[in-house]
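Input: a single structure, listed below in structure tokens.
Throughout, read-outs are computed from the coordinates displayed, never taken from laboratory work. These figures come from a predicted structure and were not determined experimentally. Positions of Cβ are generated from backbone atoms using ideal geometry, with glycine treated the same way; all protein chains shown enter the neighbour counts.
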């Protein structure tokens, strides 16, 4: 892949991937690292990218992995406001769950992180998450239930003023 | 009204949807103020990002990173060394190495001008140069990484290399950096020469790896590893 082609890919997909990385890692510098890591992999694996049915989906999956890696390396993060991210109208409870899950994303295992991102950022329903990940619907359902339960626990702790 | 998912609207924004899905999504956006507002916000944020970090500047960052990564793993081979290693192949192959999907791979270590074939558990020290020799039964892409016990993963070649059948050296060599870090050379071929393999290695290596392991965690079925121990 030439540098011009890489620039074209960034021009087209980079802003969305950058926005996604910020939503996951919630730290500007870390998000920039994740974005660059994702495009380094695009550069390395251009054939895999070219073969992907959804180029944006391919980049999102790679960027998600880059973000999870960085989160695993650096647990302390500067919080950014959810209001900084483009937000579609959702019910308050759903937004609150998303805010809590994404804020504490690094505490979940990688599979659960992946389900959280597909559900809360991409807005995918269970069956589409199952298709995207190759996991059974039951596994996805269990992960979503875990996320909702954990969000409820965190909310309760925060409301009681208990450090989380 | 049933709205398209955020992902669908984002794919629409970058023209990543098949034509029929794009037409349906476009029709929905035209009739839905909420989705139109989201689509507009994506366009505005994209423009802001590209103004903040233009494509040329972003690519230069990647070019610089690739240069640094190359220095770190020191993928540097001189014409003279290439000739030396090519000659060494005749002397050293075939020998026992690491089995790899119908074939195998071996490492050659150059130290103080002497090239030695090392096994799957190699003693190395800073300044040693290593070269990966892949043996495949049929032409296939091959890829290689260094996985350090400190958790870092470096690609040893710029991209998967289409490799002919038989014994073939992967391009470039690796210079063991100072301070020397224990780790593994991982080689994958065929479908395993993929971003999924690299992602799995990185995910499992993040945070550090037990140096006593014969292979790093997260090694896919069709990838193999040779251990490097610092002397």
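The calculated FRET efficiency for the pair residue A:162 and residue B:37, based on their C-beta separation and a Förster distance of 35 Å, comes to about 0.40.
Taking 7 Å along the Cα-to-C-beta vector as the label spot, tell me the residue B:162-residue A:4 distance in nanometres, rounded to one decimal. Using points 7 Å along Cα→Cβ, the separation is 2.2 nm. Site pair residue A:131 and residue B:48 shows an inter-label distance of 3.3 nm when each label is modelled 7 Å from Cα along Cα→Cβ. Give the residues of region A:1-25 whose amide nitrogen is closer than 14 Å to a point set 7 Å from the Cα of residue B:15 in the direction of its Cβ. Correct set: A:8-13. Fewest-first ordering of A:135, A:58, B:184 by other beta carbons within 10 Å of each residue's beta carbon gives A:135, A:58, B:184. Inter-chain neighbour count for B:55-67: the average number of beta-carbon atoms from partner chains within 10 Å of each residue's beta-carbon is 5.
What shape does region A:3-73 take by its C-alpha gyration tensor, where a ≥ b ≥ c are the square roots of the eigenvalues and a/c under 1.5 counts as rounded, a/b above b/c as prolate, and the rest as oblate?
Since a/c reaches 1.5 and a/b is larger than b/c, the shape of region A:3-73 is classed as prolate.
Going from the fewest other Cβ atoms within 10 Å to the most, the residues B:12, A:42 appear in the order B:12, A:42. Please compute the modelled spin-label separation between residue A:28 and residue A:145, points set 7 Å along Cα→Cβ, answer in nm with one decimal. Each label point lies 7 Å from its Cα, and together they span 4.2 nm. Taking region A:1-41 and a reference point 7 angstrom along Cα→Cβ of residue B:22, no backbone N atom is nearer than 14 Å.
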